[in-house]
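Visitor: Structure below; questions to follow.
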Amino acid sequence: MKFQAYGIKDIDQIQQLRRLSEADRFAIKVVANVLPFRVNTYVIEQLIDWNNIPLDPIYQISFPQPGMLSSRHFHEFATLLKENAPSDQRRAAATKIHKELNPHPAGQQTLNVPKLDARPIEGVQHKYRETVLFFPRQGQSCFTYCTFCFRWPQFVREKELRIAASNSDALYAYLQSQPEVTDLLVTGGDPLVMKTSLLARYLTPLLREEFSHIQNIRIGTKALSYWPFRFLTDSDADDLLRLFETVVEKGRQLALMVHFNHWQELETEPVQKAISRLRSAGVILRSQSPILAHVNDAPDVWRIMWQKQLQLGIIPYYMFAVRDTGARNYFEIPLVKCWEIYRQALRQVSGLARTVRGPSMSCGPGKIELQGIAEVMGQKVMVLRFIQGRKSTWVQQPFFAEYNPDATWLDHLRPAFGEEKFFFEDEYNAMLSR
Ligand SMILES: *Cc1c(COP(=O)(O)O)cnc(C)c1O
Ligand code: SF4
C-alpha cells in the first residue's frame, strides 16, 4: 500500500465521508481547524468500520468529533468558517483556543528540561532518574493524528509550544554525564516517521562503548497500528529491521513502546505480519494506551486486546488516565471507573497479561497509579502509589486519598484521614519553586 495522508484540505475528497450529512462534514472541518487532523489510506481502508460510524472506535480516535471542542469554542469557530474569515484571523482564533487547552501539562517545558553547562538542552527531557526522553526534530509528526493526543502541541503551527531537538550532540554529552541513566526513550510525535537512515544516525553512536550504560533503547510509536507497512514494504523497511537487529546484536535491548487503543487495530494481516517480523529481529514489544470514553471504556475491549497482544507476543505495559490537556473533556473517565474497568478486564486474563499497570496518571510529581478502593475503619479511601516519581524515594510508596467517584485527575483528590497534604507535596513544591 502506498502512503497517502489526508489533512484538513482533503476532507471533501475522502469518499467514505460522503455518507455523512453536510452538517456533520462541516463539524469535522470546524474541529480540524483547531485540533490537529491527519489520517492515512490504511486507517481509512482497513481499520475503520464505516458501517459503524460515528461509533467505530478507530473513527473516534482519528476523525474530529463535534464534542471535542466546548460548545463556545465550536460556535466561535463555526461562525468564522461560515463567514469565510481570512486564514490569519482563523489562525489567531485557533491559537487563542490552544492556550486555553493546557498545552504543556505536568511541567514538561520547565521541570523536565535538563541542563548542560547551565544551558537547557532542546528536545530532551529527564524526569525519572533512569530514563531520558529524546524528541528528534524530524520525528514530530505521526502517520495519523489521534484525536485524544496529549502531544498535540507538537503538530500545531505555534512553534513556541513545540519540544524538538535539532541536533544530538547535546544529548550525547548529557548522557555521558549521567551514568545512572539506563534507558533512552525516543519519542515524538512518532519517531518512525523518520527515514531509517536518519534514525540510524541518531542511534548508532549510542552503541559505542562510552554509552554502555544505555542498555535499553526504547522507541515510542503507533506505526504498528497506523502504518504497519513501515516494517513491511516501505522502501527502507528492511533497513529498519536490520538497524534493530544491530542494536540487539550489540547486547542492548530494543524495545518498541507500541500504542494500541482497541483490539480492532490488531486484526489486520499487515499488523500481524509486522509484529512477527519485529519479534524475529529480537525487538521487545510493550504496549500502552489511555483509557478513553467513546473508544475503550468497557472491560471486554481491554480483555480481548490484552489476550490478543499476549498471543502475538506483545507485553501489556501501561493503562493511562486521559491527561489534563487538549480534548480531555470528551474522553475523560473518572479514575474509579477506570480502575473498575481495569480490574474486571485483568481478572479475566492469564497472569502473563497481568503485567499491565494502571490506571496511571502522568502528572507533575510522577506516574501515579490508582491501586484500588479500600475501606479503612469504616472510611472509604482510594489507594494510590507512585509507579514513577520525580524523586526516586517516592517510587512504590502507597498513599491514600478520600474516596471521590468523580475525580479524573490528581488535582481533584484530597488526602484521606483528615491529613492536610499528601506525603510528597512539600518536596514537590520545593522543586517547583527552585
Ligand atoms: C513514562 C515516562 C517514562 C518511562 O517510565 P517507565 O516506567 O520506565 O516506563 C520516562 N519519562 C517520562 C517523562 C515518562 O512520562
Ligand atoms: S501517534 Fe502518539 S504522538 Fe501521534 S497523535 Fe497519536 S498519541 Fe499523539
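Visitor: Only residues in region 371-382 that are part of a strand (DSSP E or B) count as the first member; pair them with residues that are of a type in the set (D, E, K, R) and surrounded by fewer than 13 Cβ atoms within 10 Å (Cβ to Cβ), Cβ under 9 angstrom, at least 6 apart or cross-chain, and list the lot.
Guide: Val381/Glu375
Visitor: Would you mind finding the one in Ala416, Ala374, Ala353, Ala401 that is in contact with a helix residue (DSSP H, G or I) (Cβ under 8 Å, 6 or more places away or on another chain) and either of a type outside the set (Val, Ile, Thr) or modelled with pLDDT under 95 (or both)?
Guide: Ala353 is the lone residue from the list that is in contact with a helix residue (DSSP H, G or I) (Cβ under 8 Å, 6 or more places away or on another chain) and either of a type outside the set (Val, Ile, Thr) or modelled with pLDDT under 95 (or both).
Visitor: Further question on the same structure: Here are some residues: Thr182, Thr196, Thr204, Thr221. Which one is within 15 Å of ligand 1 (Cβ to nearest atom) and touching a Leu at 6+ places or on another chain (Cβ under 9 Å)?
Guide: Result of the check over Thr182, Thr196, Thr204, Thr221: Thr221.
Visitor: Further question: Against the conditions (1) within 30 Å of Val186 (Cβ to Cβ); (2) surrounded by 16 or more Cβ atoms within 10 Å (Cβ to Cβ); (3) of a type outside the set (Ser, Thr, Tyr), where does Pro120 fall short? Just the number, please.
Guide: (2)
Visitor: Before we move on, is Leu133 in contact (Cβ under 8 Å) with a residue 12 or more places away in the chain, among the aliphatic types (A, V, I, L, M), within 11 Å of ligand 1 (Cβ to nearest atom) and not in a strand (DSSP E or B)?
Guide: no
Visitor: Can you pull out the residues in region 290-314 that are polar (S, T, N, Q) and assigned to a helix (DSSP H, G or I)?
Guide: Result: Gln307, Gln309, Gln311.
Visitor: Please count how many residues of region 390-424 are farther than 25 Å from Lys337 by Cβ and among the small types (Gly, Ala, Ser).
Guide: Residues in region 390-424 being farther than 25 Å from Lys337 by Cβ and among the small types (Gly, Ala, Ser): 2 in total.
Visitor: To continue, here is another question. Taking the stated definitions as given, is Thr131 at pLDDT 95 or above and hydroxyl-bearing (Ser, Thr, Tyr)?
Guide: yes
Visitor: Residue by residue through region 242-287, note down the ones that are part of a helix (DSSP H, G or I), crowded, with 17+ Cβ neighbours inside 10 Å and within 23 Å of the chain's Cα centre (by Cα).
Guide: Passing the criteria: Phe244, Trp263, Gln264, Glu265, Leu266, Pro270, Val271, Ala274, Ile275, Leu278.
Visitor: Consider region 34-85. How many of its residues are over 21 Å from the mean Cα position of the chain (by Cα) and surrounded by fewer than 21 Cβ atoms within 10 Å (Cβ to Cβ)?
Guide: The number of residues fulfilling the criteria is 26.
Visitor: Still on this structure, I have one more. I need a count of the residues in region 341-367 that are in a loop (DSSP other than H, G, I, E, B) and of a type in the set (Lys, Arg).
Guide: Number of matching residues: 1.
Visitor: If you scan region 178-229, which residues turn out to be in a helix (DSSP H, G or I), within 16 Å of ligand 2 (Cβ to nearest atom), under 17 Å from Phe244 (Cβ atoms) and among the small types (Gly, Ala, Ser)?
Guide: Ala223
Visitor: Say we look at region 128-150 and pick out the residues that are among the charged types (D, E, K, R) and touching a strand residue (DSSP E or B) at 6+ places or on another chain (Cβ under 8 Å); which of these is farthest from ligand 2 (Cβ to nearest atom)?
Guide: Taking the candidates together, the pick is Glu130.
Visitor: I need a count of the residues in region 315-340 that are over 14 Å from Arg357 (Cβ atoms), part of a loop (DSSP other than H, G, I, E, B) and not acidic (Asp, Glu).
Guide: 7
Visitor: Here is a list of conditions, (1) free of Cβ contacts under 8 Å to residues at least 40 places away in the same chain; (2) under 24 Å from Glu332 (Cβ atoms), and Lys127 meets all of them except one; can you say which number that is?
Guide: Result: Lys127 passes all but (1).
Every residue, every condition in (1) more than 30 Å from Pro114 (Cβ to Cβ); (2) in contact (Cβ under 8 Å) with a residue 12 or more places away in the chain; (3) of a type outside the set (S, T, N, Q), yes or no:
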site: Ser360; (1), (2), (3): no, yes, no
site: Gln388; (1), (2), (3): no, yes, no
site: Trp409; (1), (2), (3): no, yes, yes
site: Ala416; (1), (2), (3): yes, yes, yes
site: Ser433; (1), (2), (3): no, no, no
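The values are calculated or read from the model by the stated rules, or taken from the named source; none is laboratory data. Here the structure is a predicted model, which is why all the values come from computation and not from measurement. Cβ coordinates were reconstructed from backbone atoms using ideal geometry, including for glycine residues, and neighbour counts include every protein chain displayed.
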